[in-house]
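Single-structure report; data block below.
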């Protein structure tokens with residue numbers, strides 16, 4: 001059989017034309033489009049749900065709202081541990097048109113009330129409330145204080161099985177119905193519902209409720225309880241969904257933080273835990289410790305511990321001068337240090353009159369000049385004066401008798417050992433602790449001012465990532481000069497890669513200072529642990545807490561509270577590993593156990609002439 005016969009052609013039939021397929025057409029036929037990628041393998045539409053491949057979707061719409069909507073009422077839904085999509089369609093309503101309808105509606109309600117009165121019937125509370133609400137809303141619309149909107153709120157939930165879908169539906173319904181907000185499934189309209197929820201901005205369902213601006217604003221923002229970043233340290237566990245609260249303070253617009261808590265709520269524990277974890281990320285940490293709580297931690301972490309007291313061998317000379325930073329001159333350094341010293345003397349001498357303030361300012365300049373330190377000097381070779389040099393210069397000035405008498409206790413009296421000595425401390429370790437516990441209460445504010453000023457000079461001298469922790473900061477807030485200096489550090493610290501962590505249990509004293517609220521405002525991170533009933537109202541007002549958050553802080557256990565980072569905040573529980581807890585604990589019973597273990601270890605070493613390495617590991 002010939003080839004033509006095989007093809008079913010006769011000899012006289014013409015050969016069919018064969019159109020060649022171009023390579024471009026072959027390539028184009030195999031190219032995937034976006035819709036091919038995102039489309040499910042199969043689609044089935046039923047009255048109550050959609051089957052999208054292996055997943056099932058069901059869409060709902062809100063049909064009814066209560067008379068009042070609380071702030072963030074939608075947050076529990078947004079933070080639900082389930083897969084779902086939400087769309088909110090907001091259609092503005094013409095105010096003039098709605099006012100005409102309101103006028104007619106008000107007349108109808110008013111007529112019904114009049115008719116009931118004429119018939120001698122009992123007043124209907126529903127009609128009275130409706131009339132009052134209509135009048136108030138009409139006035140607000142007329143004055144442009146409110147606007148009216150047609151609002152459609154649609155939710156599509158997803159699940160792998162019908163049981164999972166029903167469970168999520170029941171959970172969402174129970175949450176909303178407890179707030180008198182009611183949902184209905186889009187029966188026989190699941191396709192339109194699904195298309196309305198996907199990000200295509202097409203409101204095919206068209207199920208709307210009229211809301212004015214105030215209740216509509218309660219839907220926003222979508223407050224997320226997740227606060228996890230891709231870098232930083234572990235602050236704790238999210239109490240809502242048990243996710244990790246990971247955050248890096250040095251990624252914020254400023255690096256400062258404030259911590260408020262009542263005594264025994266775990267603020268020192270949380271702070272020590274942050275310090276321990278921060279040290280692992282190439283950050284230097286400096287602590288001002290008013291209660292000697294960080295001594296053991298400094299030893300365990302290989303840091304340095306300075307005890308600042310009247311009998312301590314550690315001294316800081318307030319007349320020390322830092323080397324000029326980049327862009328600064330010696331004159332700038334002298335001017336800044338003179339201002340700080342005037343503030344220090346104002347604290348030491350229990351206030352200064354305007355005349356005394358002027359005398360002190362002039363005496364400081366002449367004291368530096370006595371040591372050949374002027375605006376043209378090389379500070380790297382300068383030897384700073386002492387307080388006794390300042391007293392000598394001041395005593396030669398007319399009208400300084402009262403100042404010299406008040407200053408003598410710091411130069412020749414009981415307190416001379418504390419302040420009238422050259423500086424002999426060095427903060428060249430990654431972890432430094434200054435303890436002022438043994439300092440008399442009358443001098444504690446002075447000591448904290450001197451220490452913070454010394455730290456500030458060191459920070460400006462050497463640019464490095466640092467964290468300064470000021471525990472029981474209310475001591476510094478007692479004086480306006482120390483509070484002002486602390487506020488200056490929080491404002492300028494970012495320039496020198498410094499984060500200031502302010503911790504206090506006395507919220508009222510802290511906020512009573514004019515610098516208390518500005519310090520909070522300039523702190524990107526805020527942590528609130530358990531609060532006392534006497535201060536909770538002030539805390540609620542300062543941090544704009546809801547009533548639920550207020551009661552959460554009142555009822556929190558040790559180490560529980562609210563963690564703020566910028567505009568986000570979560571309920572947090574602070575947890576530590578066993579080893580971390582042994583290093584940072586402030587619990588007196590645990591501290592005694594550690595001390596007893598140390599004594600036993602020392603006795604064993606003394607008796608046997610050796611060291612039990614396992615014992616040391618267990619203690620530290």
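The values are calculated or read from the model by the stated rules, or taken from the named source; none is laboratory data. Quick caveat, the model's predicted, so the values are computed rather than measured. Virtual Cβ from ideal backbone geometry, glycine too; neighbours counted across all protein chains shown.
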Conditions (1) touching a strand residue (DSSP E or B) at 6+ places or on another chain (Cβ under 8 Å); (2) in a helix (DSSP H, G or I); (3) within 24 Å of residue 320 (Cα to Cα): number failed by residue 432: (2)
When residues of the stretch 59-81 are limited to those that are touching a strand residue (DSSP E or B) at 6+ places or on another chain (Cβ under 8 Å) and exposed (fewer than 14 other Cβ atoms within 10 Å of the Cβ), the one nearest to residue 218 (Cα to Cα): 64
Only one of 528, 486, 498, 443 that is at pLDDT 90 or above, farther than 22 Å from residue 572 by Cβ and either in contact with a helix residue (DSSP H, G or I) (Cβ under 7 Å, 6 or more places away or on another chain) or surrounded by fewer than 24 Cβ atoms within 10 Å (Cβ to Cβ) (or both): 498
Options 539, 558; residue that is farther than 30 Å from residue 300 by Cβ and in the same structural domain as residue 252 (by TED's automatic domain parsing): 539
Positions within the stretch 65-113 being under 19 Å from residue 173 (Cα atoms) and in a helix (DSSP H, G or I), in sequence order: 75, 76, 77, 78
Subset of the stretch 270-289 [surrounded by fewer than 18 Cβ atoms within 10 Å (Cβ to Cβ) and under 19 Å from residue 525 (Cβ atoms)]: 277, 280, 281
The one condition in (1) modelled with pLDDT of 85 or more; (2) surrounded by fewer than 16 Cβ atoms within 10 Å (Cβ to Cβ) that residue 412 fails to fulfil: (1)
Number of the exception - residue 145 against (1) under 27 Å from residue 68 (Cα atoms); (2) out of contact with any strand residue (DSSP E or B) (no Cβ under 6 Å at 6 or more places or on another chain); (3) modelled with pLDDT of 90 or more; (4) in a loop (DSSP other than H, G, I, E, B): (3)
Any pair with Cβ under 6 angstrom, 6 or more apart, that starts in the stretch 403-419 at a residue that is in the same structural domain as residue 364 (by TED's automatic domain parsing) and ends at one that is outside any helix (DSSP H, G or I): 406/349; 409/415; 411/420; 417/310; 418/310
Single match in 433, 459 (criterion: within 22 Å of residue 268 (Cβ to Cβ), surrounded by 23 or more Cβ atoms within 10 Å (Cβ to Cβ) and in contact with a helix residue (DSSP H, G or I) (Cβ under 9 Å, 6 or more places away or on another chain)): 433
Elements of type helices (runs of 4 or more DSSP H) in the stretch 187-288, at least 2 residues being closer than 26 Å to residue 453 by Cα and in the same structural domain as residue 557 (by TED's automatic domain parsing): 267-278
Residue within the stretch 155-171 that is outside any strand (DSSP E or B), touching a strand residue (DSSP E or B) at 6+ places or on another chain (Cβ under 6 Å) and over 16 Å from residue 49 (Cα atoms) present: no
Test: residue in the stretch 334-346 that is under 24 Å from residue 291 (Cβ atoms), in the same structural domain as residue 378 (by TED's automatic domain parsing), touching a helix residue (DSSP H, G or I) at 6+ places or on another chain (Cβ under 8 Å) and modelled with pLDDT of 85 or more: yes
Lone qualifier among 322, 354, 384 - being under 16 Å from residue 457 (Cβ atoms) and over 38 Å from the mean Cα position of the chain (by Cα): 384
Scan of the stretch 172-186 for residues that are assigned to a loop (DSSP other than H, G, I, E, B) and surrounded by 14 or more Cβ atoms within 10 Å (Cβ to Cβ), ordered by number: 179, 181, 186
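Residue 292 - would you say it is under 33 Å from the mean Cα position of the chain (by Cα) and surrounded by fewer than 16 Cβ atoms within 10 Å (Cβ to Cβ)? Before you say what the answer is, go through the steps one by one.
Details: under 33 Å from the mean Cα position of the chain (by Cα): yes; surrounded by fewer than 16 Cβ atoms within 10 Å (Cβ to Cβ): yes.
Yes.
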Any chance residue 562 is outside any helix (DSSP H, G or I), under 17 Å from residue 507 (Cβ atoms) and either modelled with pLDDT under 90 or under 27 Å from the mean Cα position of the chain (by Cα) (or both): yes
Test result for residue 305, in contact with a strand residue (DSSP E or B) (Cβ under 6 Å, 6 or more places away or on another chain), surrounded by fewer than 23 Cβ atoms within 10 Å (Cβ to Cβ), touching a residue at least 60 places away in the same chain (Cβ under 8 Å) and assigned to a strand (DSSP E or B): yes
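Say whether the condition of being closer than 30 Å to residue 54 by Cα and assigned by TED's automatic domain parsing to the domain that holds residue 101 is met by at least one residue in the stretch 126-146.
no
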